[in-house]
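I have placed the structure first, in the form of structure tokens, so that the comments after it can refer back to it.
The values are calculated or read from the model by the stated rules, or taken from the named source; none is laboratory data. Treat the numbers as computed from the prediction; the structure is a model and nothing was measured. Don't worry about glycine lacking a Cβ; one is built from the backbone with ideal geometry, like all the others, and counts go over all protein chains shown.
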Amino acid sequence: MIVPPDTVSLSDYEQHFTDRVDPAIRAYIAGAGADGITQRANREAFDRLRLMPRALRDLSRASARATLLGEAMAYPIVVAPMAYHRLVHPDGERATATAAALTGTWMTVSTQASVTLEEVAATAPNNPLGNQLWFQLYLRPRPEDTLALVRRAEDAGYRALVLTVDAPVNGLRNMEQRAGFRLPADVSPVNLVGMALDEVVASRPGSLVFQGMLHNAPTWESVAWLCAQTRMPVLLKGLLNPEDVDPAIAAGAAGLIVSNHGGRTLDTLPATIEALPFVAAKAARRLPILMDGGIRRGTDILKALALGADAVMVGVSVLYALAVGGVAGVAHALTILQTELEVAMALTGRARLADIDRSVIFDPPRS
Ligand SMILES: Cc1cc2nc3c(=O)[nH]c(=O)nc-3n(C[C@H](O)[C@H](O)[C@H](O)COP(=O)(O)O)c2cc1C
């Protein structure tokens, strides 16, 4: 896998991915819920925001180092949890984790990873640079299966749990359906071998969705139960509504991830960069806030930090880079984002992440 020399931005990786990857796999990876309105909104909302430059500030000691959950990180960037990296690379999550470790980027491994969580951890252990691996969890129908995953993640050295709360039922993935996407025989959720499936209880009276698919769906009590089972911090991923902040804190969450699942679940949800300031205001620095959805440029990261995020997650672009360039592609893509963030900080005169506040966003004077 050789990264084409004209690949200089994350959108170049997207273009090369589109040119190369099988249409059904493409529909799964790049696809969105229903009509893709939220997925597009994630990008459009970033593009509408303009930045206010600052000239001639002293940047001689500038740095984009961050602190998250009390730990230092090289850049405020975490790889988002994504299922089935082996769809686009034979080493799957191992390749992504190697690239993340090489670039000092923390990474979240999905419950639905196509490589076992132990193999990923063995490839890219938490290292002296402080790189962390996090494990993303969907609560299993049987609590003992959830606990088994939590213990395995603890034993393998994962440092936090990311509990995804915005997908108790799958989004309507019309693009995947039209393309006829099916998991290839050699790609599967290997962490879940032997566990009970999310059975659809079709025989129950009532709605297939409510009494069928959601008959066992998690609630705030399940979150409190999970937080009490582990010493790992538990971050909740998939919140957009400020009304969910207090219940999350009451249940024991250590952090919140403002996310609409990259537009893959409920279509017409708002763009995450638009929801972020409301969630951040409600949280009032009681716990760290991350966001994802549409991050493609260092300027997007700067905007997210300005509007209340402590760090961002990067999703589908990482898979684009993995498909196009393997380990080198992902390392290159993450380095591009890091460099772009530094350039954006320099040209807006912000020497530290702590200097990035709302005043970095250009507010046109109202006439
Ligand atoms: C192919 C793919 C698979 C995903 N799988 C998961 C998953 O297993 N668990 C999860 O919490 N989020 C999953 N997500 C959502 C991402 O974690 C993240 O919220 C989203 O991709 C961020 O938006 P972006 O892709 O625009 O960066 C997935 C996203 C993609 C593109």
If you go through region 184-206, how many residues are under 24 Å from residue 134 (Cβ atoms) and either modelled with pLDDT under 90 or within 14 Å of the ligand (Cβ to nearest atom) (or both)? 7
Test result for residue 276, assigned to a helix (DSSP H, G or I) and either over 23 Å from the mean Cα position of the chain (by Cα) or surrounded by 14 or more Cβ atoms within 10 Å (Cβ to Cβ) (or both): yes
Please list, ordered by first then second residue, the pairs with beta carbon atoms under 8 Å, 6 or more apart or interchain, first in region 248-270 and more than 19 Å from residue 220 (Cα to Cα), second among the β-branched types (Val, Ile, Thr) and more than 13 Å from the ligand (Cβ to nearest atom). 263/37; 267/37; 268/37
Those strands (runs of 3 or more DSSP E) completely within region 53-98 that have 2 or more residues that are within 16 Å of the ligand (Cβ to nearest atom) and in contact with a strand residue (DSSP E or B) (Cβ under 6 Å, 6 or more places away or on another chain) are 77-79
In region 102-137, which residues are closer than 13 Å to residue 77 by Cβ and more than 15 Å from the ligand (Cβ to nearest atom)? 103, 104, 131, 132
Please pick out the residue among 308, 326 that is of a type in the set (Gly, Ala, Ser), at positive phi, in a helix (DSSP H, G or I) and away from the ligand (no atom under 16 Å from the Cβ). 326
Scanning region 99-118 for residues that are part of a strand (DSSP E or B) and aliphatic (A, V, I, L, M), the one surrounded by the fewest Cβ atoms within 10 Å (Cβ to Cβ) turns out to be 107
Can you find even one residue in region 247-260 that is assigned to a loop (DSSP other than H, G, I, E, B), of a type in the set (Gly, Ala, Ser), within 16 Å of the ligand (Cβ to nearest atom) and within 28 Å of residue 150 (Cβ to Cβ)? yes
Of (1) out of contact with any Gly (no Cβ under 9 Å at 6 or more places or on another chain); (2) modelled with pLDDT under 90; (3) outside any helix (DSSP H, G or I), residue 209 fails just (3)
Taking interchain pairs and intrachain pairs at least six residues apart, which have beta carbon atoms under 6 angstrom, with the first residue in region 102-114 and farther than 16 Å from residue 163 by Cα and the second aromatic (Phe, Trp, Tyr)? 114/84
Let me spell it out: the conditions are (1) modelled with pLDDT of 95 or more; (2) more than 16 Å from the ligand (Cβ to nearest atom), and residue 363 meets all of them except one. Which number is the exception? (1)
Out of region 163-186, which residues are in a loop (DSSP other than H, G, I, E, B) and within 21 Å of the chain's Cα centre (by Cα)? 165, 166, 167, 168, 169, 170, 171, 172, 173
For region 291-299, does any single residue satisfy the condition of being of a type outside the set (Asp, Glu), more than 20 Å from residue 162 (Cα to Cα) and either in a helix (DSSP H, G or I) or modelled with pLDDT under 95 (or both)? yes
